[in-house]
1. Using the C-alpha atoms of the chain, what convex hull volume per residue, in cubic angstrom, is computed?
2. Label 7 Å along Cα→Cβ of residue 417; the range 443-460 residues with amide nitrogen under 20 Å?
3. Give the distance, in whole Å, between the Cα centre of the range 26-41 and the Cα centre of the range 220-267.
4. With r as the distance between the Cβ atoms of residue 183 and residue 325 and R0 = 35 Å, compute the FRET efficiency 1/(1 + (r/R0)^6) and round to 0.05.
5. Expressed in nm to one decimal, what extension gain is obtained for the pair residue 133 and residue 64 from 0.36 nm per residue of sequence separation less their Cα-Cα distance?
6. If you wrap the range 4-159's Cα atoms in a convex hull and average its projection over all directions, what's the area in nm²?
7. Over the chain, calculate the relative contact order: mean separation of alpha carbon pairs under 8 Å at least 6 apart, over the residue count, as a percent.
8. Roughly how tilted is helix 441-459, in degrees to the nearest 10 and between 0 and 90, from the longest Cα axis of the chain?
């Protein structure tokens with residue numbers, strides 16, 4: 001057949017497109033055809049003359065593909081890269097503007113580009129696809145031969161997840177979460193990059209497009225604003241369930257006090273979700289920054305001994321989750337939980353008085369004088385010595401009145417100092433006889449009465 005000229009009706013060549021953007025569209029068409037027809041993977045080869053060959057093994061390009069303003073098949077699909085189906089015409093126009101050779105072959109024809117008079121308007125030249133007889137009527141698929149540099153080809157390939165050797169950290173109905181390479185994160189939609197994010201934690205491939213995102217995916221498919229996809233990214237994280245993702249989110253939570261965190265973790269519901277997920281995966285103590293500031297060394301040691309990981313989180317999210325449970329129904333790990341576990345598992349390390357050294361024996365004997373003075377001899381057998389003290393019973397670390405056993409317990413090293421022994425013993429005897437707890441007015445009054453009696457007997461006599 002003779003050559004046939006098909007007007008591409010390109011009214012405006014996209015000014016901001018470079019050659020690699022045009023190559024992107026041709027690659028996208030090859031990948032879409034592979035997805036839609038489940039044919040073998042496309043090939044990307046460079047010949048001995050330096051031309052690049054992009055070939056798919058689908059149904060083959062026909063003139064009808066140049067007649068549509070929108071490809072209904074692609075518009076209605078949620079899995080293809082292309083949206084409008086007009087990207088090929090835009091690409092051909094950009095390549096022609098750059099003076100590049102383009103040849104397309106399929107079983108329907110051998111196609112080149114040329115400026116040709118517009119039908120009915122001999123004085124107007126427009127870009128046409130020139131259809132000639134097919135070189136091979138049994139040709140499978142479509143092959144596009146391009147005069148582009150290796151650099152331009154590589155720049156185009158970098159816009160596709162297809163060419164990245166990456167495995168997702170997680171995937172769900174909203175898309176796939178990938179580790180970020182370098183300082184800039186990539187946002188993909190069905191595998192084609194639409195945006196870069198300087199302060200995102202992960203790379204994302206969105207597979208569930210909202211109406212807002214569909215509208216934002218204009219013909220140029222570049223510089224899509226964050227508002228078009230941020231909510232999808234958030235939902236992707238809120239439906240993630242893998243340890244690698246949760247670990248990164250927890251690490252980001254720890255960075256918030258320094259202000260070095262990624263933007264995704266600023267969502268408080270993402271913070272809460274990450275805490276609950278991580279709590280189900282790993283024994284953890286979550287603590288607000290204010291509570292962490294007041295931790296004593298003994299508190300820190302108990303957290304270490306509990307085998308739990310300490311994670312300090314912002315006050316707002318801590319208050320949101322502290323009384324909640326994770327997906328397993330387990331309470332969110334807090335210091336209150338560690339304290340209760342310590343109380344439940346605590347055992348005294350009792351010391352027999354016969355094991356005391358000479359100094360400790362002399363100090364231990366002073367208890368009899370104290371008991372006699374306050375007329376509390378009946379409590380003599382209720383005073384014990386231990387190497388360990390459960391300070392959470394009353395808040396004391398040197399001694400305690402343990403109401404569970406009805407014992408006054410003195411820590412062993414207190415017996416190294418008679419003055420300290422008097423102080424601790426009188427304090428705990430006051431607890432034992434009054435029934436009041438520390439830091440209350442009734443206890444302070446009861447302790448004051450004993451101090452008053454001592455002072456009167458000591459200073460009231462001439």
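1. Spelled out: Cα convex hull of the chain, divided by residues, is 213 Å³.
2. 451
3. Using only Cα atoms to place each centre, the spacing works out to 31 Å.
4. In this case the efficiency is close to 0.40.
5. Contour length minus the Cα-Cα distance gives 23.3 nm.
6. Approximately 9.5 nm², given one-decimal rounding.
7. Across the chain, relative contact order equals 9 percent.
8. 40
Laboratory data are not the source of any read-out in this text; all were calculated from the coordinates shown. Bear in mind that the values here come from a model prediction, so they are computed numbers and not experimental data. Cβ: placed from backbone, ideal geometry, glycine included. Neighbour counts: every protein chain shown.
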